[in-house]
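Just below is one structure, and these are the notes that go with it.
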Amino acid sequence: MKDSTRLNASRRATDLHDLATGTEGVDVVVIGGGITGVGIALDAATRGLSTVLVEKHDLAFGTSRFSSKLVHGGLRYLTKMEFGIARDSAVERGIIMERTAPHLVRSLPQVTALGSDTNLFQKAAMRVGFLAGDVLRKLAGTSVKTLPRSRYAGPEEAALLCPAVARDNLRGAWVNFDGQMVDDARFVTAVARTAASEGARILTQCEVLSADGTSVRVRDRIDDNEFTLQAKAVINASGVWAGNIDHALNFRPARGTHVVIDADRLGNPQGALTVPLPGSISRYLFLLPAPHGRVYLGLTDEDNGPEIPEVPATPQEDIDFLLTHINRALDKDLTHDDVIGAFTGLRPLLDTGEDAATADLSRRHHIIESENGVISIVGGKFTEYRLMAEETLDEVVRLRNLSARRCVTTTFPLIGAPGHRDYAHVAPRDLSDLPESIVQRFGREAPEVISDATVERPLDLVTGTDLTRAEIEFAVTAEGALSVEDVLERRTRIALVPADAEAAREEVISIVNHALEAVR
């Protein structure tokens, strides 16, 4: 593996030392290590701009790890007449699935049962919506081999895809296809490492104390050292916390909650059961098959009020809401005893003064320059991260008169993708002897995860998981994890089920300590 792709404690220490003691500034400083921030870092680095990203906690610490893990095609926005967002989502979905990250996204059948839980109008509206989605896919240029056309499935097939679906009056289902990430936090890490391979410096555990258009005051939260970074442009991509940098920004955080269910309890579904909320043709609940033998049930869309905690708690009322409304579509009700985990994220919706529910507010992103020169990117959707980065950098280059190449990220594969220059030589047959789960998580990079391992019994599974010991080590030596919590919470997602995290913790601690010694 090339050292340029590695993120670890040693590289972090070197980069921090060079920046803190150097006299020259950089072209761009990006504040925030979520999907928007790492996307901007990749775009800037591939344009030839010297780039530093600073993140107070860890990669994907905030909203970016609490999504539904879907790469949406924009159907929801058609019902709101937001045709531009719908088209942009479909185009970006195609770029991700066919060019930049096909190893991290799969085609997912979304199954809308034609049963007693929906009325005739909803059944018809959903079919019209799925047909419109087919048109969007075609206009975006996405192949039917990547995303098949929507279609009707009979009752038997519907039950095979979603075994827990209610059988009474089941007349079949509409089946639509969308993109599903292996994991959202893993996607963020892949983008960050790709940016690092192009020269970007990715610095986690670095808190921004103050910022203006030409400088950022940073505190290393590990060594408690402070230093100032000079820059030609400062970009605020800190999501729902962007108001901490630009106090003129006001948000209406929308709370999105998911709960985690054991896949066995739902018959190990292969498709995502999609259930419209009563009286709605634009809001749905999903039962999403997920890695590690889990299913995610989500999601809510509620006004969270002005408080913006670093890690939002999951209110009991959200869990009650999800269970109540999904049970209308199930053969056997889920109860609170079936909930083995939960996670809640806050969508960074800009407060435009509209007197409307958060579910009805636009997801369009905005690029805003503050009075002191910081340029903020707010709002937007995970699927559109690349487009948001491109538009932000275009504006930054124009405003700051930077010398930069044109954007290339529409055709720039992420690390591990079949087309990435470091792994183009790795053929699918070279992956055939590896555990399927590793290939799904790392793509063409999977052989190096194993060959680089120094931990004992690298292919043994960590207690209670489908994760190998080699992957835990790799999280520290190459993926920027600096602590046990970084590994449990974000690189592996073991901690989405607290009981799993406790069962694996002792073994993970041992491997993390071994790996940290190796890179220091």
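I want to confirm something. Restricting to region 265-293 and keeping residues that are farther than 19 Å from VAL339 by Cα and out of contact with any Pro (no Cβ under 9 Å at 6 or more places or on another chain), which single residue is surrounded by the fewest Cβ atoms within 10 Å (Cβ to Cβ)? That would be GLY279. Consider region 68-116 and keep the residues that are of a type in the set (A, V, I, L, M), outside any helix (DSSP H, G or I) and within 15 Å of the chain's Cα centre (by Cα). The one that is surrounded by the most Cβ atoms within 10 Å (Cβ to Cβ) is VAL71. Among the residues of region 396-416, which ones are of a type in the set (Val, Ile, Thr) and in a loop (DSSP other than H, G, I, E, B)? Residues satisfying the conditions are VAL408, ILE415.
Counting the residues of region 210-221 that are surrounded by fewer than 15 Cβ atoms within 10 Å (Cβ to Cβ) and either at positive phi or out of contact with any Lys or Arg (no Cβ under 8 Å at 6 or more places or on another chain) (or both) gives 1. If you check ASP264, ASP320, ASP331 for being in contact with a strand residue (DSSP E or B) (Cβ under 9 Å, 6 or more places away or on another chain) and over 17 Å from GLN110 (Cα atoms), only one passes: ASP331.
Consider region 20-59 and keep the residues that are touching an Asp or Glu at 6+ places or on another chain (Cβ under 7 Å) and farther than 19 Å from LEU393 by Cβ. The one that is surrounded by the fewest Cβ atoms within 10 Å (Cβ to Cβ) is LYS56. For region 246-264, the candidate set comprises residues that are of a type in the set (D, E, K, R) and in a strand (DSSP E or B); within that set, the residue that is surrounded by the fewest Cβ atoms within 10 Å (Cβ to Cβ) is ASP262. Put simply, of PHE227, PHE286 the only residue that is under 21 Å from the mean Cα position of the chain (by Cα), farther than 17 Å from VAL374 by Cα, in a strand (DSSP E or B) and not assigned by TED's automatic domain parsing to the domain that holds ARG493 is PHE286. Pairs are defined by a Cβ separation below 9 Å, a sequence spacing of at least 6 or placement on different chains, a first member in region 210-234 that is more than 16 Å from ASP27 (Cα to Cα), and a second member that is among the aromatic types (Phe, Trp, Tyr); the pairs so defined are VAL218/PHE227; ARG219/PHE227; ASP220/PHE227. Looking at the structure I just gave you, is ARG421 of a type in the set (D, E, K, R), free of Cβ contacts under 8 Å to residues at least 24 places away in the same chain, outside the structural domain of ARG491 (by TED's automatic domain parsing) and surrounded by fewer than 22 Cβ atoms within 10 Å (Cβ to Cβ)? Spelling it out, ARG421 is indeed of a type in the set (D, E, K, R), free of Cβ contacts under 8 Å to residues at least 24 places away in the same chain, outside the structural domain of ARG491 (by TED's automatic domain parsing) and surrounded by fewer than 22 Cβ atoms within 10 Å (Cβ to Cβ).
The values are calculated or read from the model by the stated rules, or taken from the named source; none is laboratory data. Predicted, not measured: the structure shown is a model, and the values here were computed from it. All Cβ positions, glycine included, derive from the backbone under ideal geometry; neighbour counts span all protein chains shown.
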